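Some notes on the structure that comes next.
The values are calculated or read from the model by the stated rules, or taken from the named source; none is laboratory data. Since the model is a prediction, treat every value here as computed from it, not as a measurement. Here the Cβ positions follow ideal geometry from the backbone for every residue, glycine too, while neighbour counts run over all protein chains shown.
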Amino acid sequence: MAGTLLEQRMIRWLCGLAGYASETEGEDCAASASAESLAHGAAGSALSGQERASAQGRHSDRSGEGSSPSTELLPHETTPRVRQPDSLNAAKPDGVFTSGGTQSNYMGLLLARDRFCMSRWHWNVRELGLHPAASRMRVLCSEAAHFTVKQSAAQLGLGEQAVVSIPVDSQHRMRPDLLEQQLTQLRDDGLLPFALVATAGTTDFGSIDPLPELAAIARRHDLWLHTDAAYGGALLLSDKHAGLLAGLDLADSIAVDFHKMFYQPISCGAFLLRDRHDFRFMRQLADYLNPAEDEEDGVPNLVTKSVQTTRRFDALKLYISLQHIGRLAFGEMIDYTLELAGGTAALIRQEPAFELMNEPVMNAIVFRYVPASCPVGRSPEEWSDELNVRIRSTLLSEGTAVLARTKANGRLWLKFTLLNPRTELKHTKQILQKAKEIGKALEAGG
Ligand SMILES: *Cc1c(COP(=O)(O)O)cnc(C)c1O
C-alpha cells in the first residue's frame, strides 16, 4: 500500500515535470498532500525542517541558499512547467512505472489502438479482438524511431505493415511536411492513420523531433500522439536544456526511462498519460485483487493501469536517488555530459582522420575513421567499414574502450554515448587518439 502511494506520488511529480497538470486540481492536490504526509511520516521522517523548506518546488528550491544538491528533495511540484491551452486542461494526467521504453511504447500504442476502434466503430477490442478493418490502421513515426514501434504494432495484431516511416531531415528529425503529405496519401488510399509516434532523443543521434509541429498535425488529423522520450526525457531535469523538450506536454502519452540518463539500475521506466480516463481501455478487474468495491471506495490499485500484475517497486529507486542526489545535481550531471559531448565533437571535427556525422543535440556522437587512401581492388566504402570495425574491436580487445557502432547512410559508424558524468574530455581524447593510431597502423598494413 505504501508502495502504491509512493509510486502515485512519483507519477504525479513526473507528470508535473513533463508539463502535464491541470489547473483544476483540487482533488489531486488533496491526494498529493496525503501521499506526501505519508512519505514524510514514513520514509521521510528524518528530514530536517530546513530540508523540507528547501523542497518547496522547483523554482524556489534553486533560488535560495540552503538548497544544496544534497539537501534538495523531490520537489513537491504542482505548478505545470508549461501552461497548456485551455481545451486540454480538462484532462487529468496519470501514469505507471514500467520495465522501460519497450513496455511504455507498447502501452501508448495499445491505448491508441483501442481508443480509435472505440471512437470509430464503437468496437471494444478487449472484448471482441481486432476489428475486421484493423488491417487498414496505420501508425506513423520517423525512420529514426525505435524498433519497438514496429514490435508493438506486431504484438498488437496490426502487423509491422501498419508502421509508416517518415523521412528525417539532415539532423535526423522527422519532417513535418512529409508527414502531412503521407497522411494525405494514406487517406487517399483508404487507410486509417490513428497514431503518431514522436521521438525525443533518438537512440543513435539523440535527435528530437519537432514536437510542437507534430502535436499540431496530430490534433488536426485526430491522431493519438505518443512521444518516446525514453532517452531524452531526462533533459527535463536540466534547467539549461529542458527547453529542448518544449511541446512534450502536448502528447497523449509519453515514454520515459530512468535506467538511461536518470542513472537508475535496470529496470526502471514510466508511462505517462495526459488523460487518465484513457486507462479505461486496459482496466481489468479481478475479484481477488482489485474488486470493483475497492475502486468505489477509492482504494488505489495500480493493476488497472499496468500490463503487468505483480511488479517490482521500481519507484523506490528513483525516489531515493532524487532524495539523496537532488534534482539540481541530476540536472548538472546531464548538463555536464552534454558539454562533454560538445567538446568531444569539436575534437573529432578538428581531426582530418575522422568524420563527424552529427552535431550532438544530447550526448550521442556518431563518427568514423576516414582512411587516407584505399588499397587497389577495394571499394573505398567497404574499406572504410572494415577499418572502423577493426578499430572498434581492437579498442575493445585492448581494454581501451567499448564504442558502440551503428549504420547510417549505408556506412558503418562508431558512436560515443556519453552518459557517465565522471568521463572527462581527456578520456575521450585518449580514445580518439588511440583509434586514429589503430587506423593508421591498419592502413600501413599492420
Ligand atoms: C532505450 C530506448 C527504448 C527501449 O527502452 P527499454 O528501456 O530498453 O525497454 C525505446 N525507445 C528509445 C528512444 C530508447 O532509447
Residue, surrounded by the most Cβ atoms within 10 Å (Cβ to Cβ), within the stretch 395-446, restricted to residues that are over 33 Å from the mean Cα position of the chain (by Cα) and among the aliphatic types (A, V, I, L, M)
ILE438
Members of the stretch 130-180 found to be more than 23 Å from PHE205 (Cβ to Cβ), buried (at least 21 other Cβ atoms within 10 Å of the Cβ) and touching a Lys or Arg at 6+ places or on another chain (Cβ under 6 Å), listed by number:
ALA162
Would you list the helices (runs of 4 or more DSSP H) that sit entirely within the stretch 82-198 and hold 3 or more residues that are modelled with pLDDT of 95 or more and in the same structural domain as LEU14 (by TED's automatic domain parsing)?
101-121, 148-155, 176-188
Enumeration of residues in the stretch 207-241 that are closer than 20 Å to MET362 by Cβ, in a loop (DSSP other than H, G, I, E, B) and not charged (D, E, K, R)
SER207, PRO210, ALA230, TYR231, SER238, HIS241
Mind checking whether some residue in the stretch 187-199 is under 30 Å from GLU332 (Cβ atoms) and touching a strand residue (DSSP E or B) at 6+ places or on another chain (Cβ under 8 Å)?
yes
Evaluate the stretch 287-301: report whether one residue or more is out of contact with any helix residue (DSSP H, G or I) (no Cβ under 6 Å at 6 or more places or on another chain), of a type outside the set (D, E, K, R) and touching a residue at least 24 places away in the same chain (Cβ under 8 Å).
yes
Taking the stretch 326-336 and keeping residues surrounded by fewer than 19 Cβ atoms within 10 Å (Cβ to Cβ) and either among the polar types (S, T, N, Q) or farther than 18 Å from LEU244 by Cβ (or both) leaves ALA329
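Is it the case that the stretch 147-159 has a residue that's more than 18 Å from ASP252 (Cβ to Cβ) and more than 16 Å from the ligand (Cβ to nearest atom)?
Within the stretch 147-159, one or more residues are more than 18 Å from ASP252 (Cβ to Cβ) and more than 16 Å from the ligand (Cβ to nearest atom).
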Residue selected from the stretch 209-228 under the condition within 16 Å of the ligand (Cβ to nearest atom) and touching a residue at least 60 places away in the same chain (Cβ under 8 Å), by the criterion farthest from ARG173 (Cα to Cα)
HIS226
Confirm whether SER253 is within 16 Å of the ligand (Cβ to nearest atom), within 18 Å of GLY95 (Cα to Cα) and polar (S, T, N, Q).
yes
